[in-house]
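Student: What follows is a structure written as structure tokens; I'll ask about it next.
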Amino acid sequence: MALCICREFAKRGFVVFAVEYRTGVLYDIVDRKYTAAQQVLAIYRAIQDGRGAVRSIIKRQRNYKKFNDPYKIDTNNIFLAGASAGSFITLGLAYYQSQAMIDSVTPGVKAVLGTINPDFYYGDSTIKYEKKIKGV
């Protein structure tokens, strides 16, 4: 599904990236009517990965000559899209613009998984993009 959406946007002239993210949800096996702590952790990890991907794309564009990159990306006009779980992640990237915002809905997770802007992505945590999101 994601690649189909990417192709359609690319046909319309957008530069598109299909981003992979960490999963690892353990559901409540009995009746699946409760949210397991693992599900909250999986959502948080996916948002970390999405934020890292956006920052990495921006950093790569800033250093496009180093990569001999043919893309001309306007990093001041970012649009996010996703299907299924990707749509949930996309909304998380657009809405949770600060650590405090995500901490309010995922109390204690930062102590386990670290900040939503960890430094293990190519695009370091100093890259701010939140005000550049123009649509979801």
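The values are calculated or read from the model by the stated rules, or taken from the named source; none is laboratory data. Just so it is clear, the structure is predicted and the values come from calculations on it, not from any experiment. Note that we place each Cβ from the backbone using ideal geometry, even for glycine, and neighbour counts take in every protein chain shown. Heads up: the accessible areas ignore ligands, DNA and RNA and are worked out on the full protein's heavy atoms, side chains in. Shrake-Rupley method; radii C 1.70, N 1.55, O 1.52, S 1.80 Å.
Student: Taking the Cα-to-Cβ direction at L3 and at V136 and moving 7 Å from each Cα, how far apart do the two end points lie in nm?
Tutor: Using points 7 Å along Cα→Cβ, the separation is 2.7 nm.
Student: Right, here's the next one. Considering amide H positions built from the backbone, and no H for Pro or chain starts, which residues 5 or more places from F79, or on another chain, come under 5 Å of its amide H?
Tutor: Answer set, sorted by chain and number: K134.
Student: Ignoring ligands, DNA and RNA, what accessible area per residue does the chain give at 1.4 Å, in Å²?
Tutor: Value returned for the chain: 65 Å² of accessible area per residue.
Student: Return the carbon/sulfur percentage of the accessible area of the stretch 73-134, one whole number, probe 1.4 Å, all protein chains in place.
Tutor: Percent of accessible area from carbon and sulfur atoms in the stretch 73-134: 60.
Student: Okay, moving on. Rolling a 1.4 angstrom probe over the protein chains, ignoring ligands and nucleic acids, what is the accessible area of F120 in square angstrom, nearest 10?
Tutor: Its heavy atoms expose roughly 130 Å² to the probe.
Student: Give the relative contact order (percent, whole number) for the chain; include only Cα pairs under 8 Å separated by 6+ residues.
Tutor: So the answer I get is 29 percent.
Student: Taking the chain as the reference, fit the longest principal axis to its C-alpha atoms, fit the long axis of helix 37-62 to the helix C-alpha atoms, and give the angle between the two in degrees, 0 to 90, nearest 10.
Tutor: Relative to the chain, helix 37-62 is tipped by roughly 10 degrees.
Student: Give the lysines reachable from K66 as a straight Cα distance under 23 Å; neighbours fewer than 8 places away on the same chain don't count.
Tutor: K128
Student: Taking the Cα centre of the chain as the origin, how large is its charge dipole in debye, to the nearest 20, when only Lys and Arg (+1) and Asp and Glu (-1) carry charge on their Cβ atoms?
Tutor: Result for the chain is approximately 580 debye, rounded to the nearest 20.
Student: Now a separate question. Please list, in order along the stretch 105-121, the HN-Hα scalar couplings obtained from phi with the Karplus expression 6.51 cos²θ - 1.76 cosθ + 1.60 (θ = phi - 60°), rounded to whole Hz, x for Gly and Pro.
Tutor: Each residue's phi maps through the Karplus curve to give 10, 10, x, x, 5, 4, 5, 8, 10, x, 5, 6, 10, x, 8, 9, 9 Hz.
Student: Which lysines, on any chain, are close to K11 with Cα under 18 Å apart, when same-chain ones fewer than 8 places away are left out?
Tutor: Reachable lysines: K72.
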